[in-house]
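The values are calculated or read from the model by the stated rules, or taken from the named source; none is laboratory data. Source: prediction; values computed, not measured. Note that each Cβ is placed from the backbone with ideal geometry, even for glycine, and that neighbours are counted across all protein chains shown.
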Amino acid sequence: MALSVVKDSIDLGIITKDPEKMLVFYRDTLGLELVGELPMPGGGTMYRLNCGTSVIKIVVQGREPRAVAPPGGLAGATGYRYWTITVDNIEEAVKTCEDAGYKISVPITEFRPGVTISMIEDPDGNWVELVQMAG
């Protein structure tokens, strides 16, 4: 049986040791709206931020994670290495991130005609791709 999807987007969970730095990036720098804070089993906390119809979940666990994801973005390892937000103000968004001191791993680049991208590292080294479509 195939999935019967009922939501037009996915939600993303990001595990962190330092939720405050992650909130400064996602909430204060990127401008995602913090819509809730929930206790997690085992003493952790989930911070929920709206990103269009998706929810970005910043999670700090009640215990230390067993491992840390390898750095290096696309070439660093297999598995989930980046995620994408489609925007209509890529130049302004990248400049805001750069001015705030975040690493721009891929500068603003025309990926193909009419499609411009950039990739930014969050405080934990996760890559966030911004995409802007022409027109």
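Descriptive notes on the structure:
- Note on the stretch 39-53: residues that are crowded, with 17+ Cβ neighbours inside 10 Å, under 12 Å from residue 11 (Cα atoms) and not hydrophobic (A, V, I, L, M, F, W, C) total 1.
- Within the stretch 87-101, the residues that satisfy the criterion of being over 19 Å from residue 51 (Cβ atoms) and either among the aromatic types (Phe, Trp, Tyr) or not in a loop (DSSP other than H, G, I, E, B) (or both) are 91, 95, 98, 99.
- Residues within the stretch 55-99 that are among the basic types (Lys, Arg), out of contact with any helix residue (DSSP H, G or I) (no Cβ under 7 Å at 6 or more places or on another chain) and surrounded by 12 or more Cβ atoms within 10 Å (Cβ to Cβ), tallied: 2
- Listed by first and then second residue, the pairs linking a residue in the stretch 43-61 that is free of Cβ contacts under 8 Å to residues at least 60 places away in the same chain to a residue that is assigned to a strand (DSSP E or B) and of a type in the set (S, T, N, Q), with Cβ atoms under 7 Å apart and 6 or more places separating them unless they lie on different chains, are 60/45.
- For the stretch 102-117, the tally of residues that are over 24 Å from residue 27 (Cβ atoms) and either of a type in the set (Gly, Ala, Ser) or part of a loop (DSSP other than H, G, I, E, B) (or both) stands at 2.
- Residue within the stretch 34-52 that is over 22 Å from residue 7 (Cβ atoms), outside the structural domain of residue 13 (by TED's automatic domain parsing), touching a Pro at 6+ places or on another chain (Cβ under 9 Å) and part of a strand (DSSP E or B) present: no
- Residue 128 being in a strand (DSSP E or B), among the hydrophobic types (A, V, I, L, M, F, W, C) and in contact with a Ser or Thr (Cβ under 7 Å, 6 or more places away or on another chain): no
- Only a single item in (1) under 20 Å from residue 118 (Cα atoms); (2) at pLDDT 95 or above is not met by residue 13, and it is number (1).
- Some residue of the stretch 77-86 being in a helix (DSSP H, G or I) and either at pLDDT below 95 or farther than 22 Å from residue 9 by Cβ (or both): no
- Filtering the stretch 102-111 for residues that are touching a strand residue (DSSP E or B) at 6+ places or on another chain (Cβ under 7 Å), farther than 19 Å from residue 130 by Cα and surrounded by fewer than 17 Cβ atoms within 10 Å (Cβ to Cβ) leaves an empty set.
- When residues in the stretch 1-43 are screened for being among the hydrophobic types (A, V, I, L, M, F, W, C) and in contact with a strand residue (DSSP E or B) (Cβ under 7 Å, 6 or more places away or on another chain), 11 of them pass.
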